[in-house]
Every structure is written in structure tokens, then in C-alpha cells.
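Readers should treat all values here as calculations from the given coordinates under stated rules, not as data from a laboratory. If you're wondering where the values come from, they're calculated on a predicted model, not measured in any experiment. Every residue, glycine as well, gets a Cβ built from its backbone with ideal geometry; the counts of neighbours run over all protein chains shown.
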């Protein structure tokens, strides 16, 4: 099936449209079935994916607006493949574990549309199509936060929308400028990213364009100091919203850096290593400290999620195969782990309708299964060896060590601080005697929750022990991208940086 | 002894007048029908008007590009054809909105429809001439008819709106007349192409700049009134509020298309002559218009006023494209309006179906935000459609206005105005807030009062119009390509 990508993008959308007809009572089963089929389709994509080929596969190209250079252009490579699978998996698991009771049908339909936009962003190879899905993804999320969220939901959803919208409009101007430069050089209008890769831009252009794209992506990641929308969004969003937001939507930003900024502006990217690394390290350490100060369990997870996004950013700007490959892997692990953690917080919130840690204590004796799974996910978040979190974090730090040992050490403190606040959460909530009467009668995980969490635990352990099947295709595409960047770079600094990285890479 | 003027009928090329004559004849037929039988139902007049517009559309489509006629005062070039087509299409969407389920005062008069057709003829004269006097005649025909149409909506604030618009319009007309007089004084001609020739020769004379400045400032003021550009925009929200919702939507699109065509002819000429400060003034006005109107829209409590300010802001957006004076910029103007037309008329039509005789939500406003609170529970499809229109106006892809926006921005970038594109981007972000506000009210709040008010006026023809607007809004990605290539071809064929 050569057009599997179109099927992947439009299947959930069509299912969403048809979902309006499905009866309210059956909407949930409908949603889960559709999401499962979508997940199986994405697995099919993986099995028919040629891991030896580092380039774009399953390419589809239909001119949409030829006069303006917009084409319906999709493709997938090792970098995007697993993010797509992760997105479909997390949608499925999120739907399975969903505890919302009111307006379930609206939620299912919204989630299916959201799934379309998520898959669309990661398979789009045309900047306008990318932008289209990117912007469209805001709308379902706005509705999810605004309709099912906490007391401040309207404020949180509007802040989320406007923040991201503003950043991406600046990015749009950047895109239009690249298209203009491309038109000037070739006489043809094109928004195809692969065409844009071929552009060798002067350094000052690269810097300005890098800044424009940076605004769009950094707000989405969210980089310090643009992260202020995220705690609100997470704090107010329903569990399913937080799961999708943390697992997939944030990855759009980091994916954007890998797909656009690095290959299109290699010289500017190399020049920006230090500023971005500094921001990332501030993000890692500062938000980790903020996380420690939180009393609300969900806010801890939210800030820790921001903190881990800092590690991903650091890896991307290591400019070598370990760093970027590690980042892409870390995107997957962050998606699965933080998604699972948000689901776990949702579990206790459904039972107690509070997320305050001082309300809990001794949960381990009342809810043993819950405590075990929470513990495993927590360890994975901290980056314990043999869990999925370790692989990515280790590779990123290894990669960035070649850039700057000192900054790597600073970033490495994230593991220590992470361990401190995560274990503090665990200690406060799960250990000790059960002090609060309300906690004594809590039910352990029910079948629905168990069966949505077990697959995630299995993945966490499997990819922690044996990451090769995922890491190899990623590494392949990343290396190809680095070779390309090296050829394209015009300044000596950039060439040295990328070359140096390549030579050490062979040791592995 | 005066030589008798000898004109052959062929040299008049009367076919160039055909479209306007059809509209005028249509108006006269309606008046005659009323004389014969005054008990005819409005639906007859609506359909007759629609039919006349269809013929008019066909007549325009049949015109050849770049022809002159009627003592060379008529000019059929690419932009006049596409603007006439857009004017007619806009009118065709507007007129079925008269078929509401409730009765309204204005539609019980056949004169409404006759005036409407005369107005269209006026717009068509405006866009098919480069003769300053004929343009003036067109402007006045159309404007006087429009004032009356507003006032026919039998309400106190409709009269207020009509009088306000009339006074402002009279002032604008005076500015226009004085500006044209100065141009005539400078060049001895009122034909724009001759004006351009003479000005090009005289441009280097000392002291002439002050007169050119005077003429262009007067004309700019006149068109800033018509296009509701800052600082001449203050009439717009009140007039839109007073006019009936469909007419307000119509005013935000069709008269502006006509005024833009004239502006392209006049100010494009100035910019082509290398009078750079005209461009700068237009740019400054455009930027101020989009920004200030956006900020004003943020604080509105009434959806109709919000939409009024939003259409001012959109006009500012498009005015910026005019300042670029490139083929792409001019294409952007028409593309933007072609897309904006459906979405904006659709949005106003959604207000129209909720038009109620008594103000039930607020003593001051007809359409406060609270009226639409919880619309998703009352009328789910209506809420989704209105939400789509709002997202489209905010510039969320893939809905129609987004393509207009990026085309304008691309045109700005191509002409080296990257800052302008950034200003436009930031303005779209500000604008997103007030569109979102309505979405928040519709989707995320609980209904305030009894529920029948929001679809009080709904009828099948209205549903059809709104459905058409929705399809045009959602499916824009599929017709953008032919639209752009047609517009671009027509515009470049006429040398803009």
C-alpha cells in the first residue's frame, strides 16, 4: 500500500465525521476501535518500512496549488516513523483509559480529529501542509481543555491557543520568506521541505529565518521562557488532554527543529548551539526546582515534563548522531512515560477528586498495583538504567559531552534533581501510614486502567533493555541528515562542528 | 459654426454598457410589476433579482478583455471584469437572505429590490471606468441607493445609521470631487490614462508636488471613508450595527471591492509614477487600520460590532496589498475578497437568523455574546458552522481566509516588506482572540436564557445560503488554484 500515509492521516478524520452518527452509548467503543485500527495501520507502516533506507519513504506528491507551490506532499523517514506510532499508540491508550462521562461522543470525535492533525504534522513534507496540520491541531485541543477542564479552563485554553498561534504566525512569515528566496533562485514556487533543503542560504538570512522558526517551535516545546502556558494547560486539562498534550503535541516543536531548523539552517544552528544550550539547561534545572516546590501532583509531572523537554532540546543541538538520535528516542520515551504518568495522576484524581499530595500518603498499602506501575513509570522518568528513559537521556548526554563537558554536567544534574522530586512525590503519596480516612477505602486499578497501563509498562521495559529495533532506523536517518548538513554548511565553524561529531560517532 | 459630431454606432462599442443596462432594466421591470400588481410576494422579487443577476453575470463573462467603449469612458480590463463578477456573486449570495421566515419591513417594498439593482449598476459603473466623472456618478448612484436600503430596515438605529452614513458619504463625495478638480486643473484631463501621461511629463516641475499632494490627499480621504480606513473608519461600526445583518455583511464586502478597484486605478497610478510617499501614506494607514481596529474589536460586547471592527481590520490588511502595487499584490486583493466574501457574509447571515424583534439579552445590543452562549447545546450544527466561520476569519488553515492571508503576506515578502508580513502575522494573532471569544461562548459556556431566540429567523433559503458559504469556506483548498490562476491571468492581462 503505497498511499498508506494518506490513509493514516484521513482515516481518523473520516471516522470522526462518521462518528457524529454513532449513538452516544456506543461512541466510546467506536472510538477505541477506530484508534486501534489506526494503531495497527501505523504498525503496518513500520513493518513495511525499509529500515536500510535513510531517505523519505511512502512518498506521495499531488500538486494542490501549483501557481503558489503548495503540494500535497507526504513522506516518512526513521525520525518521524516512531513518533507517528507513538502518537497513534497514545491516542489509543488515552481513549481506553478515559474516565470522562459527560459528552463522551464529542470527546471521541474531537480526539479523532486531533489524531488526524497529529499524524498529519509528522508526515507532512510540504511546509504549508505542515503548517495547516500544525494550526489545526490547536482547535481540538482548545475544545478539550475548554470543555472538560478544571475551573480556569477557559483562560488556560485561550492562553494555550493564542501563545502557540502567535509563534506559528511568525514562523509562517519565515516559511513565506524561504519560499520567496527559493523562487528567486530557481524561478519556481515551492513549499516542499525537500526542495528547501537544497537551498544554501547566506548566514545572515539563516540567522533571521532560524529566529522566525525558533519562535514557532520554541513556544510549542515549550522552551524557557515561553513555557508559561504549559502549567496552566496541564493544570486545567482533563487527563486525556494532558496525556495527548505531553505525549504528542509538545513533540511537534522538537520535531520541527529536527525537520526544519537543522537541515535548512545548518550554520545558524551551529552558531546557536550555545544560546540554545543555555536556555535548555535553565529549562532543565529551573523547572526541575519548580517541580520540587509543587504541592499538586499533576503540576509536578507537568514541570518535570518541561524539564525533560530541555534534555531533548539539548540533544538536538549536540549536532551529532548520538545527540540527535538520542533526542528522537527521548521524544518517544518522554511521550510514553509522561503520558503514562498523567494517566496515573488521572486515576487517583478520579477516585479522590484532588491532586494535592498532602491529601495522600500510604497509598502503596491500599493500591499495590497502582503503586507498582507508578513506581516503574517514575523510575523511567528519572532515567533509571534498563528503562526507556535511560537510553535517550544517556545518548543525549553522551552526544552533548562532545560539545561542552561542563554544560553536560549541568544538564546531568537533571537526573539528580529529577530523582529528588520524583522520589519525594512517591514518598509523600505512597509510603508511610495511611493518615487520611478517605484513602483507606480506595479501590486499586480496575481492569480498564490496568489494561491500558500494562502495554506502556511493557514498552518501557522492552525499549529500555533492547532499544535497537527503534534506535537503528532513527540512527540511520539522523546520520544521513548529518552528512547532508555537513555538505551543505558554508561556514568553517559549522563544518568542523558537524565533522567532528561524525568522526567520534564511528567509535560506537 | 460648430461641426456636427459624427459618431458611428460601432465605435461606441455599446456592448460594454450591457451589464449595467441589464441591472437597470431589471430594476425598472420590478417597478413596473409593482405598478401593475401591488400584491406580489417578496419571493417573486427576490427570484427576479436573482435572475437579473444571472443574466448580468453572463453578460460580464462575455466581455472581451481590454476594450474601451462609449466615447472611451468605459474601460473593460481584467480587474473590471473580475470585480464585476465578484460584485454580482456577492449580491447573489446576499439577496436570498431576504427570504426569512419572519416578515421584515424593508422587503415588503419592491423598491428595495429595484434600488438594489440600481446600486449594483452603480458599482459596475465605478469599476468599469477610468473617467473620474463616470466613477463619481457610479459612486453616488450606488451610495445613495445603499443609504436608502439601510434606512428601509425599519428601526430607530437604522435611520441613525443611514443618516450617519449619508453625512459621511457626502463628505467623502465632496473630497472626491475636490480631488478630481485638482487633478483636472493639473493635467487638463479626467481620463486617468491621460492624467498619468501628463503627470509623468510634469513631475519634475518645481512646485507641482504640492498640488499632486493636495489632489492625492483629498482622494485618499475620500476612499478611506469608503473603505473605512483609519482615521476615517468611525462610521463603520455604528452603520453596521444599525443596518440589518445581511446588509452589514454585504457592505463589508461588495462596496469595498468597488472602492478598491478605483483605488487601484488611482493610487496605483501615483505609485507607478514613482510618487513614493503615496505608498508610505497608504502603508501607514493600512497598518494603523488593521491594528487599531483589532484592538477595538477586542473590547466589543456585541458580536455584530465585533464583526464590523474585524472587517475594518481585514480592509486594512488588503489596503496594505494595494500599497505593494505588484501583480501579486493586486491578485491578493481580489483573492482575499473572493474568499472573505463567503465567510463574512456567512457569519453575518448567522447573525441574521437570530434576528429578533425584541432585544432579549441586552438593552443596548442586538447580538451580545451572551446570546450565543451554549449554542452547541441548542443548535449544534449552527454552532459548528459559526465556529468554522470564526476560525476562517482568524486565519486558521485550511479554511478560506487563511489562503487570502498567506497570499497577501507572500506578496508583501516578495516586494521586500518582510516587516509588513510580520505586522500582519501579529495582527492575525490579536484578531484570533476575539474570534475565539465567540467560539468560547458558543462551545464552552452554558446557555443564558430561553433557547428559541438563536434560530428565530431560520428558513430553507437561509440554510441554503449558509450551507453554500460553509462549503466555500471549508473546501477552499480545492478551488484556490483555478481561482488564483484566473485572477492572476486577468490582472496581468490588464497590466496591473
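Points to keep in mind about this one:
- Computed over the stretch A:272-508: relative contact order in percent, which uses C-alpha pairs under 8 Å that are six or more apart: 27 percent
- Per residue of peptide B:481-490, the mean number of Cβ atoms on other chains within 10 Å of the residue Cβ is 2.
- Taking all Cα-Cα distances within the stretch A:272-508, those exceeding 31 Å account for 28%.
- Rounded, prolate or oblate (a/c below 1.5 giving rounded, otherwise prolate when a/b exceeds b/c) for the stretch A:385-457 by Cα gyration tensor: oblate
- Relative contact order [Cα under 8 Å, 6+ residues apart], the stretch A:365-416, whole percent: 20 percent
- Under the criterion of Cα pairs below 8 Å and six or more residues apart, the relative contact order for chain A equals 16 percent.
- Helix A:4-19 and the long axis of chain A differ in direction by around 40°, with both axes built from C-alpha atoms.
- q = 0.13, 0.18, 0.22 Å⁻¹: log10 I(q)/I(0) that the Debye formula gives for the stretch B:303-432, counting C-alpha atoms only: -0.58, -0.94, -1.25
- Highest average packing first - B:107-113, B:482-488, Cβ atoms within 10 Å: B:107-113, B:482-488
- When you count the other C-beta atoms within 10 angstrom of each residue and take the mean per peptide, A:231-237, B:32-38, B:376-382, B:440-446 line up highest first as A:231-237, B:440-446, B:376-382, B:32-38.
- In degrees, nearest ten, helix A:138-148 long axis to first principal axis of chain A (Cα): 10 degrees
- 15 Å reach of a label modelled at residue B:198, 7 Å along Cα-to-Cβ, counting backbone N of the stretch B:132-161: B:132-133
- Sites residue B:208 and residue B:21 - FRET efficiency at Förster radius 45 Å, r taken between beta-carbons, to 0.05: 0.65
- Average other protein chain Cβ within 10 Å of Cβ, residues A:124-132: 2
- Modelled this way, with points 7 Å down the Cα-to-C-beta line, the labels at residue B:479 and residue A:185 are 3.7 nm from one another.
- Gyration tensor (alpha-carbon) shape descriptor, the stretch A:180-224, a/c threshold 1.5: prolate
- Between residue A:487 and residue B:29, the modelled label-to-label distance comes to 6.8 nm, taking each label 7 Å out from Cα in the direction of the beta carbon.
- Here the extension length gained between residue A:436 and residue A:472 equals 8.1 nm, from 0.36 nm per residue of separation less the Cα-Cα distance.
- Calculated SAXS-style log₁₀ I(q)/I(0) at q = 0.08 Å⁻¹ - chain A, Debye, Cα scatterers: -0.45
- Simple spin-label estimate for residue A:424 and residue B:9 gives 9.6 nm between the two label positions (7 Å along the Cα-to-Cβ direction from each Cα).
- Helix content alone sets the calculated 222 nm mean residue ellipticity of the protein assembly as shown: runs of n ≥ 4 DSSP H residues at -39500 (n - 2.57) each, divided across all residues, give -24000 deg cm²/dmol.
- The Cα atoms of the stretch B:217-268 give a gyration tensor whose axes a ≥ b ≥ c have a/c of 1.5 or more with a/b no greater than b/c, which makes the shape oblate.
- Each peptide in B:253-265, B:210-222, A:352-364 was scored by the mean count of other Cβ atoms within 10 Å over its residues; highest first, the order is B:253-265, B:210-222, A:352-364.
- Helix B:132-152 axis, angle to chain B major axis (alpha carbon atoms, nearest 10°): 20 degrees
- Pairwise FRET efficiency - residue B:102 versus residue A:198, Cβ, R0 = 56 Å, nearest 0.05: 0.35
- Rounded to whole Å, sorted largest first: equivalent-ellipsoid semi-axes of the protein assembly as shown, Cα gyration tensor: 57, 34, 23
- Residue by residue along B:384-397, Cβ atoms of other protein chains within 10 Å of the local Cβ number 2 on average.
- Residues residue A:6 and residue A:462, FRET efficiency given R0 of 25 Å [Cβ-Cβ distance, rounded to 0.05]: 0.25
- Inverse of mean 1/r across different Cα pairs in chain B, Kirkwood, Å: 23.0 Å
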